[in-house]
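First the structure, in the form of structure tokens, and then the observations on it.
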Amino acid sequence: MAGFSLPPRFRPASIWALYAIGLLPGLYAFYLGIYGGLGADPVREFEHRLGIWALRFLCLGLTVTPIRDLFSVNLIAYRRALGLLAFYYVLAHFTVYLTLDRGLVLSSIAGDILKRPYIMLGMVGLLILIPMALTSNRWSIRRLGSRWNELHKLAYPLVLAALLHFVLSRKSLTLEPAIYIAIVALLLGYRVIRPKLMERRRQKKAAAMQGVGRVAQPRPN
């Protein structure tokens, strides 16, 4: 089956459109915060909205490969933008925590980390994401070679750290965390079965090509 991808001439504009659309939820949350639309605890709500969008973009980035494999829709050109959007939201989430929530008081931040392990998980996620974001460019791909792929496999522990940070911060397993647990389990579970799935597909393709070759051979007189 032929794959689908956007014509190359439209990709730059569509990638910039993705950035613009992707940043809208954060800007809208900021707007609500200014005009008192974030409820009784606006700082925590602002933090939550930024954090949940970071998790969403991490999940969207991990859906690119299964969509290409299973539906022949090639969105690889947009994976870097999705990853960088996740990074921007994580950075904003962390900045709001340090400034508006903890007031840049180091003793308060240290005490919070010791008392709430999910804060440490969030910081681990940020530390994992920083080198991935810094190497999300063509120069780094050329410079690092095969090591680039190994580095960006950190996306898997990253999404686990982000998920645990989110679930533990909620303090109870409600519907929303359960949905994200299921999504992440599916995305990571697919990576486990993908090698066998791809090998089976290659075998079927090779068998089909052999069959076509036998049919095309001329019959002896």
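The values are calculated or read from the model by the stated rules, or taken from the named source; none is laboratory data. Bear in mind that the values here come from a model prediction, so they are computed numbers and not experimental data. No Cβ is skipped: glycine too gets one built from the backbone with ideal geometry, and neighbour counts run over all protein chains shown. Ligands, DNA and RNA are excluded from the accessible area calculation, which covers all protein heavy atoms including side chains. Shrake-Rupley method; radii C 1.70, N 1.55, O 1.52, S 1.80 Å.
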Using Cα positions and a limit of under 16 Å, work out the aspartates and glutamates in reach of residue 196, with same-chain residues fewer than 8 apart set aside. 69
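Which three semi-axes in whole Å describe the equivalent ellipsoid of the range 18-170, each the square root of 5 times a Cα gyration tensor eigenvalue, listed largest first? Spell out each step's value before the answer.
Numbers: eigenvalues 165, 72, 38 Å².
Over the Cα atoms of the range 18-170, the semi-axes work out to 29, 19, 14 Å.
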So for the pair residue 21, residue 139, with labels modelled 7 Å out along Cα→Cβ, what separation do we get in nm? 3.0
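With an 8 Å cut-off on Cα pairs and a minimum separation of 6 or more residues, tell me the relative contact order of the range 94-205 in percent.
Details: 46 pairs, mean separation 25.7, N = 112.
Computed over the range 94-205, the figure is 23 percent.
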If you take the charge dipole of the chain about its Cα centre, with +1 on Lys and Arg Cβ and -1 on Asp and Glu Cβ, which of 109, 186, 120 is farthest toward its positive end? 186
Rounded to 0.05, the calculated FRET efficiency for the beta carbons of residue 174 and residue 113 at R₀ = 25 Å is 0.55
Kirkwood hydrodynamic radius (Cα pairs, Å) of the range 22-63? 10.7
Subtract the Cα-Cα distance of residue 123 and residue 76 from 0.36 nm times their separation in residues, and report this length gain in nm to one decimal. 14.2 nm
Taking the Cβ of residue 16 as the center, what net charge do the other residues with Cβ under 14 Å away carry, scoring Lys and Arg +1 and Asp and Glu -1? +3
Counting Lys +1, Arg +1, Asp -1, Glu -1, what net charge surrounds residue 42 among other residues with beta carbon under 13 Å of its beta carbon? -2
Projected area of the range 129-180, taken from the Cα convex hull and averaged over every viewing direction, in nm²? 4.1
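Applying 1/(1 + (r/R0)^6) with R0 = 30 Å to the Cβ-Cβ distance of residue 65 and residue 10, what FRET efficiency is obtained, to the nearest 0.05? Numbers along the way, then the final one.
On the way: r = 22 Å, r/R0 = 0.73.
The pair residue 65/residue 10 has a calculated efficiency of 0.85.
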How much accessible surface area, in Å² rounded to 10, belongs to the heavy atoms of residue 93 with a 1.4 Å probe? 40
Taking 0.36 nm per intervening residue step and subtracting the Cα-Cα distance, what contour gain separates residue 106 from residue 197 on full extension? 27.8 nm
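Quick one: with all protein chains in place, what share of the accessible area of the range 148-211 is carbon or sulfur, to the nearest percent (1.4 Å probe)? Walk me through the intermediate numbers first.
Numbers: 2970 of 4320 Å².
C and S fraction of accessible area: 69 percent.
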Report the label-to-label distance for residue 160 and residue 95 in nanometres (one decimal), using points 7 Å from each Cα along the Cα→Cβ vector. 3.0
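What FRET efficiency, computed as 1/(1 + (r/R0)^6) with R0 = 45 Å and r the Cβ-Cβ distance, is obtained for residue 182 and residue 204, rounded to the nearest 0.05? Mind dumping the intermediate values first?
Details: r = 30 Å, r/R0 = 0.66.
That pair, residue 182 with residue 204, gives E of 0.90.
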Accessible area per residue, 1.4 Å probe, Å², for the chain: what's the number? 65
